[in-house]
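Asks: Before I ask anything, here is the structure I am working with.
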Amino acid sequence: MNEFDNLSVSDEGMYVWLCQMARQIDAAIAIINPNKGYTIDFVNQLFLQTTGYDEDDVIGSTFSLLQGPLTDMLNENSIQESIKHGLTFKTSSFHYRKDGYAFWNEVRHLPMFNQQGILQYCVIIMKDVTDSMNIESLIELEREVYFSLETGHPLENVLRNICRSVEITFGKKCHCSIVLVDENDRMINIYGEMWRDLKKLDENILLMDIEDKSKINKPLIIKDLEQSVYHEAYRPIIEKYHLVSMWSQPILNTEGKTIGLFTMYFEQRAEPKTIEIKYMNRVAPIVTLALKYFDQKSAIRRLAFRDVASGLNNYERFKIILNDWAAEQSRGHLYIIEPGEYQKIIDLYGRQGGDEVLRQLANRIQNISTFGDSIIARYTHSAIIVATRLSLHEMNIPQFEGEQVLSEPYYIDGKEVYLTLKIGTSSFSSGINYIEAVRQADNALSSALKVTGSVIKNFNMGLIESVEQEMNILAHFTRALKNSEFFPMLQPKVNMVTGEIESFEALARWNSAELGFVSPMLFIPVAENTGNIYKVDLEIFKKVLQWQKQRQDAGMKLYQVSINILPSHFYNPAFVESSIALIESYNINPKFIKFEITESVELEDVLRAKKIIDELQRFGIETSIDDFGVGYSSLSYLQELPFKEIKIDKSFVDDLANPRMNAVIKTIIQLSDNLNMMSVAEGIETEAQHLELKRLGCQIGQGYYYYKPLPIQQINELLDNKIKISFSK
Ligand code: C2E
Ligand code: MG
Ligand code: MG
């Protein structure tokens, strides 16, 4: 309600009275006549001044005359509706002067009724409130800046938002940029939507003699870029963004030294009015304060948002940025990356070793060009998390950069460490929030952790099922051990030249009373993760010894049997002693037992490994290195370890036709020969593979081509019949 509400005067004289009043009042006024199609009948002098129009332009036209490109049309429509219905209102609208300048117009409507209550005139009272609206928007912006910095948003986001906010609230369509310089006036960085293109410009041109401007401290106004000295240097962005004018304002620090430039680029010729210069003068200090505040906060923030041990961002920081991305409806991918050897690294080099490896890993990932816009943080003590706003097919990682991360050694205390990386990925978009995406990537990681070598697993629903399956296995595992449900199958190792069975490998099998047959690929990782693998190994070991004892007692020929031992078991302090004791308790010659140790980073601890191998050897037990070629492929340390046998992994055998791989296998076979090691190829399935490996000098073969793993009963029958395979030449 205001003082004019429900004003009603006689028809006669009303118009005259209104005009007189309008001439005297200190506000811009237009009188609209509902009986003439709501056109303007009268305006006062202040109206003409405010809008820049002549009387001839205005009289007879409608109030929509003041609308322009950035006018909010919803608001305009409600203005029209209120006028037509004779309702009083007060609103602010973005209106345009005749010369194209926009201003914030505070519009009030005063309906004039005659004695019969019929609307006779609409009095529009206007006021240019641009200045106060600008101040309001800047106050709002300043608060926003502080809030963002307070809540740990990165400076780059804050500066980008300042640009964006000015672009939205400023009266003219513009693009903004903030350039920061160091104490030597060299550019540090550029922010704003055009940063990529601006970065390509000559730095000196971009900074526009910043030295001089620091003295005059006035905005540089270029009304027509085409006609300016900058037009050649700016050509690419003038053309791309159709730029005409540019205003640039130095950003000073609290000591008055120039620390950057705030620049507005216009697609139309623009010459700043006094209030616009005032506006620019107010934006620059917001940037100054943001920088100062950021500096003050950064020490505290470093603690709050850093993982102190590794120096990486912590997960809190990661969540904040992901939240920002979610607000921007970004889509992209998450990667949770864990070195397969993390635990072993801790054992060998302590916690600092683990921190160091994650830090180096994060650095290398950050250096991959396509990961430029990503955020990397420490996720758990053993994993880092990476988010990028690229889709998987955009993630074209150059081979060289990929190899830097995967194949090149990492360094701890000056020592080389090779990593295999287990990677779980998932995607996020407006449909999937990032908390869910992190959970999914975690799930994918769990499945990646079960596979040997470097592996990347994408989340899919099947993973959920496999997690359930794993829980299920775990639940039945203890009972299985008690009920002795684990038993060995034996797979012959065959002399590739003669076709004779030379020895066997014992492979664990689990026939669960509740679950049925469970693959070792499933239960071995569960057993390992729960620290139970040695119990399975022992069970298999005992059953193998029982078999040999039976054959020995029956006076039959004994064969060497390989027992699989995971490195975690191998390094157990009691391993050697208990193995020897067990073999002795069955009274079997130790030469009939071989231990297959999976190749892994632990063997890096050459001294420790050598000591164990030597002790076993002294007692008469041979050792073999299993799955050679997967992940940690280094022949260099092998020569220091007295293994008797090297087992070339199936993945190599599968790739025999590849000339590069063929050459690698040939080298491995030759080297192992030089080192007096027996070479065994695993997973031979075809005659072609058999022939090729034989040609390359491989001595022993194992695989379905010869025999599948068989139950002991069938092995006995096989040996009784003294079956010999006849090979094609
Ligand atoms: P591994 O020691 O490398 O064993 C070779 C695997 O290749 C076995 O899988 C074997 O069945 C399979 N294999 C043999 N020939 C062929 C072939 O021609 N084609 C194909 N596709 N596969 C072939 P399995 O039995 O599933 O065992 C998987 C892994 O589980 C083993 O790999 C070993 O690392 C582990 N494992 C098995 N038994 C034990 C055990 O008693 N203790 C420990 N610690 N690990 C075991
Ligand atoms: Mg094996
Ligand atoms: Mg193997």
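Asks: Extension gain residue 278-residue 498, at 0.36 nm per residue separation less the Cα-Cα distance, in nm? Let's see the in-between values first.
Replies: Values: separation 220, 0.36 × 220 = 79.20 nm, distance 9.48 nm.
Length difference between fully extended and current span is 69.7 nm.
Asks: Nearest 0.05, what FRET efficiency do residue 671 and residue 483 give at R0 = 30 Å with Cβ-Cβ as r? Spell out each step's value before the answer.
Replies: Values: r = 45 Å, r/R0 = 1.50.
About 0.10, to the nearest 0.05.
Asks: Also, I was wondering about something else. Any idea how far apart residue 655 and residue 147 come out in nm if each label point goes 7 Å out from Cα toward Cβ?
Replies: Distance between label points: 5.3 nm.
Asks: Now a separate question. Can you work out the PRE-style zone for residue 644? Point 7 Å along Cα to Cβ, and I want the residues of segment 692-712 with backbone N under 20 Å.
Replies: From segment 692-712, the list is 698-703.
Asks: Can you compute the modelled spin-label distance between residue 610 and residue 581, with each label point 7 Å from Cα toward Cβ, in nm?
Replies: That separation, rounded to one decimal, is 2.9 nm.
Asks: What order do 127, 422 take when sorted by accessible area (1.4 Å probe), most exposed first?
Replies: Numbers: 127 120, 422 15 Å².
So the residues, ranked largest to smallest area, are 127, 422.
Asks: Heavy-atom accessible area per residue, segment 575-621, 1.4 Å probe: how many Å²? Present the calculation step by step, with values, prior to reporting the outcome.
Replies: On the way: 2050 Å² over 47 residues.
Heavy-atom SASA per residue in segment 575-621 reads 44 Å².
Asks: Quick one: dipole size for the chain, taken about the Cα centre, charges +1 on Lys/Arg Cβ and -1 on Asp/Glu Cβ, in debye to the nearest 20. Could you put the intermediate results ahead of the total?
Replies: On the way: 74 positive and 97 negative charges, 353 e Å.
Around 1700 debye, computed over the chain.
Asks: Report the gain in length on full extension from residue 223 to residue 135: 0.36 nm times residue separation, minus Cα-Cα distance, nm rounded to one decimal.
Replies: Values: separation 88, 0.36 × 88 = 31.68 nm, distance 2.47 nm.
Working it through step by step, the gained length comes to 29.2 nm.
Asks: Moving to a separate point now. Please tell me which of these pairs span more than 18 angstrom C-alpha to C-alpha: 172/278; 36/98; 344/450? Could the numbers behind the result be given before it?
Replies: Working: 172/278 15 Å; 36/98 23 Å; 344/450 16 Å.
Exceeds cut-off: 36/98.
Asks: Which ³J(HN,Hα) values in Hz, rounded to whole numbers, follow from the phi angles of segment 170-179 under the Karplus curve 6.51 cos²θ - 1.76 cosθ + 1.60, where θ = phi - 60° and Gly and Pro get x?
Replies: With the stated coefficients, segment 170-179 comes to 5, x, 10, 5, 8, 10, 10, 9, 10, 10 Hz.
Asks: What ranking do 265-272, 445-452, 488-495 get when scored by the average of other Cβ atoms within 10 Å per residue, highest first? Working shown, then result.
Replies: Details: 265-272: 17.6, 445-452: 20.2, 488-495: 23.5.
Those peptides, ordered most packed to least, come out 488-495, 445-452, 265-272.
Asks: Okay, next question. Take the Cβ-Cβ distance between residue 292 and residue 530 as r, set R0 to 51 Å, and report the resulting FRET efficiency rounded to the nearest 0.05. Mind showing how you got there, number by number?
Replies: On the way: r = 54 Å, r/R0 = 1.05.
Once rounded, the FRET efficiency stands at 0.40.
Asks: On the protein heavy atoms, probe 1.4 angstrom, tell me the percent of accessible surface of the chain carried by carbon and sulfur.
Replies: Numbers: 17540 of 34560 Å².
Ligands and nucleic acids excluded, carbon and sulfur reach 51 percent.
Asks: To continue, here is another question. What distance in nm separates the simple spin-label points at residue 91 and residue 49, each placed 7 Å from Cα in the Cβ direction?
Replies: 2.7 nm
Asks: Using only alpha carbon pairs under 8 Å that are at least six residues apart, calculate the relative contact order of the chain and give it in whole percent.
Replies: Details: 1200 pairs, mean separation 48.0, N = 729.
That works out to 7 percent.
Asks: So in the chain, what percent of DSSP beta bridges are antiparallel if you round to the nearest 5?
Replies: 75 percent
The values are calculated or read from the model by the stated rules, or taken from the named source; none is laboratory data. Note that this is a predicted model, so its numbers are computed, not measured. Reconstructed Cβ throughout: ideal geometry from the backbone, glycine too, with neighbour counts over all protein chains shown. Heavy atoms of the whole protein, side chains included, go into the accessibility calculation; ligands, DNA and RNA do not. Shrake-Rupley method; radii C 1.70, N 1.55, O 1.52, S 1.80 Å.
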